[in-house]
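Following: one structure in structure tokens, then a few remarks.
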Amino acid sequence: GGVAAGHPATAEAGAEILRAGGNAFDAAIAALLTACVAESTLTSLGGAGFLLAAPAQGKPVLFDFFSQTPQRRRSPDELDFYPVEVEFGDTTQEFHVGLGTVAVPGVPKGIAQIHRQLGRLPLAELAAPAIHWARSGVVVNPFQAYVIKILSPILTATPGAQALYAPEGDLLKAGDRLRLSALANTLEHLVAVGFDSLYTGDLAQQFVADCAAHGGQLTAQDLQAYQVMARSPLAIAYRDRQVLTNPPPSSGGALIGFTLKLLATVDLADIPLGSAAYVAHLAEVMALTNRARRDGYDTQLYDPEVAARFLNSAHLQAYSEELAIALGADFVANPGAPRLNKWGSTTHISVIDGEGNAASVTTSNGEGSSYVLPGTGVMLNNMLGEEDLNPTGFHQWSENPRISSMMAPSLLLKNGQPEVVLGSGGSNRIRTAIAQVITNFVDYDLDLAAAVAAPRLHWERHHLHLEPGLALPLANSSRAQDQLTQWQAPNMFFGGVHAVQVHADGQFSGAGDHRRNGAIAQA
């Protein structure tokens, strides 16, 4: 089989499990646990995510273990909820952290349920690579050093966070070794008593007590009531393939579906990849997708019936007609839209095994809340402080629903069988990154590595972002009037698509996105 992920240790952990006789779902669990060590600034046992599973025998299923809002809101003046400024070099962005930003985490219960339903090897074997790396330490590579540096206001905001990322007083840098011995002990404990114990055992009691005393929102009832949801994937026909992706209540899959349905009305084979016409057409499709989302759907795509209407051919018709006359449309930006999140602290793992099983898993810890559960090495998420996840404003969320996400772990099927497993990090760029890799692979017949590496663009709120290698949009197109940022080098801003492919002859290949230090491993 093959594994693609955001760190060499993550990918190798999955491949090691495949070599030991595990299936794709065992490998995905092992890789996810290892990512909580090697990519701990991006994902965590205190985070949340989704796993799209396509068993060789059985129907595909999407395991939703994303965060849930609390059952009751505390008054904002009681909360540990505060802003921090993160410096990106050319700009700064405000994020919110503290115990009051923590939503119910889903990763531990997700691991437990996926293992019960689809796993083969014992959890002790699946956790062994993560425990090894947590105890012996992972050498900080340049990408992880960059992440630690820009998130330094969060990673130094509490003594618990400092103990992880600045154990000697200074932040870890490239070449240093990140050791998470407390997390190794925690993983050994969870293997012995069950990952569900984070919701009901001593660790849960400690967390709930801290929330009550120090400005958190979650209660024992919130943790005990949390459930992993098994959902039918959203299926989208594209050319001679079928795309399976994340369904409502998350919106990312529906937006990818809308983009692909519009692209399907264009013969991209007649438009040279990277040309001015290519940029204009893709930017136009992105703009139409964003406008369609604003036209009464922006905060309602969590509803399956609304999402079905959004993707209905009757609704798509008007936008298809605009695309047909394409380059003369004039769209009005949404002045109330939230700022673009430059960061997108998410990571992805793709796995296919030799038995025909496929797993696509995307997880995130937000930027991290800076609160570390004492003695565990586990930093909790800041989902209630994520601007992208709170479009109506902070402290305005409904009580106790599943939070809607842009994450979209996906599968590309050919003749009904998994051909490519893919997904991405990158906040709002997740959907445009995945759509571009799919069209590069399907329409332009690029091999998977080239499809992932090809330069990307992203359009949002009249701002067109272009990686090097892309032409400017046609001068007579409406997109020529947009604000333009020509990036000087490929950047993690444009996502991190880690993908694996099984070929017709049964061989495997993969692509780890260089924008996020992606890696591949084979078994």
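The values are calculated or read from the model by the stated rules, or taken from the named source; none is laboratory data. Computed from a prediction, not measured in an experiment: that's the story for all the values here. A quick note on method: Cβ atoms are made from the backbone with ideal geometry, for glycine too, and the neighbour counts reach across all protein chains shown. With ligands, DNA and RNA removed, areas are computed over all heavy atoms of the protein, side chains included. Shrake-Rupley method; radii C 1.70, N 1.55, O 1.52, S 1.80 Å.
Hey, quick one: spin label on Q483, modelled 7 Å out along Cα-Cβ, who in segment 419-444 has an amide N within reach, i.e. under 18 Å?
Those under the cut-off are 428-429.
For segment 375-494, just say rounded, prolate or oblate: build the C-alpha gyration tensor, square-root its eigenvalues into a ≥ b ≥ c, call rounded for a/c under 1.5, and beyond that prolate if a/b exceeds b/c, oblate if not. Walk me through the numbers before you get to the answer.
Numbers: a/c = 2.03, a/b = 1.30, b/c = 1.56.
Here segment 375-494 falls in the oblate category.
Assigning unit charges at the beta carbon (Lys, Arg +1; Asp, Glu -1) and nothing else, what dipole magnitude in debye, to the nearest 20, does segment 219-321 show about its Cα centre?
On the way: 8 positive and 10 negative charges, 25 e Å.
Computed about the Cα centre, the dipole is about 120 debye.
With +1 assigned to the C-beta of every Lys and Arg and -1 to the C-beta of every Asp and Glu, and no other charges, what is the dipole magnitude of the chain about the Cα centre in debye, to the nearest 20? Walk me through the intermediate numbers first.
Working: 32 positive and 48 negative charges, 81 e Å.
In debye, rounded to 20, the chain gives about 400.
On a 0 to 90 degree scale, rounded to 10, what angle separates helix 123-136 from the longest Cα axis of the chain?
Here the helix axis deviates by roughly 80 degrees.
Rounded to the nearest 0.05, what FRET efficiency do Q224 and Q522 have when you use their Cβ-Cβ distance and R0 = 41 Å?
Values: r = 41 Å, r/R0 = 1.01.
Using R0 = 41 Å, I get an efficiency of 0.50.
Using a 1.4 Å probe and counting only protein heavy atoms, arrange Y82, Y371 so the residue with the most accessible area comes first. If you can, show how the numbers build up before the last one.
Working: Y82 65, Y371 30 Å².
Per-residue accessible area, sorted high to low, gives Y82, Y371.
Can you work out the FRET efficiency for the pair Q205 and S313, with r the C-beta to C-beta distance and R0 = 45 Å, to the nearest 0.05? Intermediate values should be presented prior to the final figure.
Values: r = 52 Å, r/R0 = 1.17.
It comes out at approximately 0.30.
State the extension gain, in nm to one decimal, for the chain segment bounded by Q162 and F88, taking 0.36 nm per residue of separation less the distance between their alpha-carbons. Please list the in-between numbers first.
Details: separation 74, 0.36 × 74 = 26.64 nm, distance 2.06 nm.
Additional length available on full extension: 24.6 nm.
Before I look further, what does the chain give for accessible area per residue, probe 1.4 Å, in whole square angstrom?
On the way: 18510 Å² over 523 residues.
Computed with neighbouring chains in place, this is 35 Å² per residue.
Can you count the Lys pairs in the chain whose Cα atoms are under 24 Å apart, with each pair 8 or more apart or on different chains?
Counting lysine pairs in the chain gives 7.
Give me the percent of the accessible area of the chain that comes from carbon and sulfur atoms, probe 1.4 Å, all protein chains in place.
On the way: 9380 of 18510 Å².
The computed percentage sits at 51.
How do 258-264, 8-14 rank on mean C-beta neighbours within 10 Å, highest first?
Numbers: 258-264: 22.9, 8-14: 27.9.
Highest-to-lowest ranking by the protection proxy: 8-14, 258-264.
Per residue of the chain, what 222 nm ellipticity follows from adding -39500 (n - 2.57) for every DSSP H run with n ≥ 4, rounded to the nearest 500?
Numbers: 16 runs with 175 residues, N = 523.
After summing the helix terms and dividing by residue count, I get -10000 deg cm²/dmol.
Name the residue from A324, V442, V140 whose Cα lies farthest towards the positive end of the charge dipole of the chain, charges +1 on Cβ of Lys and Arg and -1 on Cβ of Asp and Glu.
V442
Just going by the charge dipole of the chain, with Lys and Arg at +1 and Asp and Glu at -1 on Cβ, which of L33, S369, L464 is farthest out on the positive end?
Checked the options; the winner is L33.
Can you compute the modelled spin-label distance between V306 and H214, with each label point 7 Å from Cα toward Cβ, in nm?
For the pair V306/H214, the computed spacing is 3.7 nm.
What is the distance in Å between the Cα centres of segment 69-121 and segment 140-195?
Segment 69-121 and segment 140-195 have Cα centres separated by 17 Å.
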